[in-house]
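Report on the following structure.
The values are calculated or read from the model by the stated rules, or taken from the named source; none is laboratory data. Everything quoted here is computed from the prediction, not taken from an experiment. A quick note on method: Cβ atoms are made from the backbone with ideal geometry, for glycine too, and the neighbour counts reach across all protein chains shown.
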Amino acid sequence: MFRQNKALNSPRLSQHKRAKATLLLIGSLCCTQPLYAQSTTLDQPTAQIQAPASIQTTASQTANSRKAQQASGARVATALPVTYLITQSLLANTPVAVDYLPAKRYPVSRLPYWLNKKLPLKQDQLPQYSGLVTVASVWPQLTLYPQLRQQNIRIVPVDAAVQLKPQGAKVSLVADKDRADQHYFWLAPDNLKVMNRIIAEDLSLLWPDHGQQIRRNEQSNDQSISRFQLDLDDKLWQQEWDGLCSIQEELKPLLLSLSLPVLGDSATDSTELEGMRCLWITDKKPKAEQSATQQSSAQQWTLNSLNRYYGKDLNSWLQSNLKQLDKLTR
């Protein structure tokens, strides 16, 4: 820099060279200051502000408390007795509640009327549901999602009959698809297992904090269904029935799921069953008047088909049907 100042004062330096030297001097001064400033900034230690441990702990506790409050206020709605039983069993020992919406006195055949006529009258009184368990893919007359969506735009539908995902699980229906919306497909134990698995998977995704408990409940339900399935077939063989009979189309899924052949239905002539020991299956209480065919068999298994609300749990329902079968004698 000293040489540059001296050169500028030299009388021999031309005006052009003097101007060029001046520009070089100015440029060196401009570049020196930012480099110095930048160096000073990098040499300064960076201060990191950390919250005290007590504040961090309080924030974590607040977040956990908020999650607990959200879970404790969470509710699931359903409108079919079988989905209510399964969902209730899956959510046992969790803070998530399950509500059965229809009036408990209504049979399954009257549920569409209640949903269309009675539900709109009490819709404003309903809480905000986080989830809805339905079988709308098989029984569209029981569609409930549009109504509950008005209360909570974020409600998650769970279809227990056909899983709402690509290549998802689904129940098996009787070949007569024209009457699929009248068959009690949940009476087939394999379908009951599928429904249990579908609902459990979606509920564990909705509430991952309780996923392990839901999966444990799923395994317990699955074991109860498998035990019922084995005990039922065993009792039927021990009682030495030749086959199964029923005049109720809605019970056909159960008859087709058992190991014994189906010998008679509503279209069977009584003469075709002569000499056959047929177990008549119904969900209606015995009446004084019975058909000649039913009187000849003198045996009738009156089961609970879940065509109405049932106040106990899933395993109790299964065992109650086995106890009804035990009442029959060979």
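In segment 243-262, the qualifying residues are those that are over 21 Å from Glu274 (Cα atoms) and touching a helix residue (DSSP H, G or I) at 6+ places or on another chain (Cβ under 7 Å), and the one that is surrounded by the fewest Cβ atoms within 10 Å (Cβ to Cβ) is Ser259.
If the condition is being among the basic types (Lys, Arg) and under 16 Å from Leu205 (Cα atoms), then segment 119-170 contributes Arg154, Lys165. So, in segment 87-97, of the ones that are touching a strand residue (DSSP E or B) at 6+ places or on another chain (Cβ under 7 Å), touching a residue at least 24 places away in the same chain (Cβ under 8 Å) and not in a loop (DSSP other than H, G, I, E, B), which residue ends up surrounded by the fewest Cβ atoms within 10 Å (Cβ to Cβ)? Here the residue is Gln88.
Selection over segment 124-140 of residues that are surrounded by 14 or more Cβ atoms within 10 Å (Cβ to Cβ) and not in a loop (DSSP other than H, G, I, E, B) gives a count of 4. Summed over segment 98-109, the residues that are of a type in the set (A, V, I, L, M, F, W, C), surrounded by 21 or more Cβ atoms within 10 Å (Cβ to Cβ) and in a loop (DSSP other than H, G, I, E, B) give a count of 1.
Glu240 meets all of the listed conditions (1) at negative phi; (2) more than 37 Å from the chain's Cα centre (by Cα); (3) at pLDDT 90 or above but one, namely (1).
To keep it simple, each residue is scored yes or no on (1) part of a helix (DSSP H, G or I); (2) in contact with a Leu (Cβ under 8 Å, 6 or more places away or on another chain).
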position: Leu111; (1), (2): yes, yes
position: Lys122; (1), (2): yes, no
position: Gln151; (1), (2): no, yes
position: Gln167; (1), (2): no, no
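Okay, residues lined up against (1) out of contact with any strand residue (DSSP E or B) (no Cβ under 6 Å at 6 or more places or on another chain); (2) touching a residue at least 24 places away in the same chain (Cβ under 8 Å); (3) assigned to a helix (DSSP H, G or I):
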site: Lys193; (1), (2), (3): yes, yes, yes
site: Leu203; (1), (2), (3): yes, yes, yes
site: Gln212; (1), (2), (3): yes, no, yes
site: Arg216; (1), (2), (3): yes, no, yes
site: Glu240; (1), (2), (3): yes, yes, no
site: Lys252; (1), (2), (3): yes, yes, yes
site: Leu260; (1), (2), (3): no, yes, no
